[in-house]
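Coordinate-derived values only; no laboratory data. Keep in mind the model is a prediction, meaning the values are calculated, not measured. Don't worry about glycine lacking a Cβ; one is built from the backbone with ideal geometry, like all the others, and counts go over all protein chains shown.
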Amino acid sequence: MNKEQIEVIGNNHLSSSVETPMRSDAFDKSDDEKIKNIQEYFGLIMEELGLDLSDDSLSGTPYRVAKMYVKELFYGLNPKNKPKLSTFENKYGYQKMLIEQNITIDSACEHHFLPIIGHAHIAYLPKEKVVGLSKINRLVDYYAHRPQVQERLSIQILKELQNALETEDVIVMICSKHLCVSSRGIKDKNSFTTTIAYGGYFEDDLKRNEFLNTVNNQTL
Ligand SMILES: [Zn+2]
């Protein structure tokens, strides 16, 4: 790929698959080994930029960045960190829409490694199974903490919930700001991006509007 093609992919936010593209040896190394290596590489980047790493304020930065990448920002790359979506029998017989809204999105764009920040609004129609509310938040947090594109993030959350709840009747809406759009490139500070992924019940316009109206009208 030439440099122009690389920019086109980044600026158009194209992604190639629903699965996050991972190497087959992604988890052969321990987190500690990865932190040690990234610390070294990031130090080289800083040096190349002309920074003096012997300065007290800068000397710990390569380690801090490496630890932040592996343990915080991108902890969701590792399947061993995936939250267990334990489900329960739907004892109340509640079968109408359940909406969990304003779930924090704290992610990073895979084209520029800059933050994506916003909210997710998720609904499902309980059938036989229900899931603890906070588990939905944890699932969003897990998939958000990888280098991402917003479309893929929406679909990954949707598919995971559909599998766990054993129903197609799930909708995932994400509204977020991409710092790679606001701080570089076009530098638009006001625009934000909305994606809506859904299946089953929510394929119907009226049902989808019921969800959208509730999300748009309800503020706590
Ligand atoms: Zn980007």
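What the table shows:
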read-out	value
For the chain, built as a Gaussian network whose Cα springs stay under 10 Å, the top-fluctuating residue of 71, 96, 29	29
Using alpha-carbon coordinates, inclination of helix 150-165 to the longest axis of the chain, degrees	50 degrees
Principal-axis tilt of helix 133-144 within the chain, Cα atoms, nearest 10 degrees	40 degrees
Three-way shape label, the stretch 142-220, alpha-carbon gyration tensor, a/c 1.5	oblate
Relative contact order [Cα under 8 Å, 6+ residues apart], the stretch 24-73, whole percent	48 percent
Overall form of the chain per C-alpha gyration tensor (a/c, 1.5; a/b vs b/c)	prolate
Choice from 139, 206, 73 with maximal GNM fluctuation in the chain (Cα, 10 Å cutoff)	206
Too-long pairs where the Cα-Cα distance tops 18 Å, listed order kept, from 36/67; 135/177; 96/159	135/177; 96/159
Folded to 0 to 90 degrees: helix 31-48 orientation relative to the chain principal axis, Cα	50 degrees
Residue 184-residue 1 FRET efficiency (beta carbon distance; Förster radius 25 Å; 0.05 resolution)	0.80
Within a Gaussian network of the chain (alpha carbon springs, distance under 10 Å), most fluctuating of 165, 133, 58	58
Percentage relative contact order, the stretch 30-130, counting C-alpha pairs under 8 Å, at least six apart	22 percent
Rule-of-thumb Rg ratio for the stretch 1-64 [Cα; 2.2 N^0.38 Å; N residues]	1.54
Taking the chain and dividing mean pair separation by its residue count, relative contact order in percent (alpha carbons under 8 Å, at least six apart)	18 percent
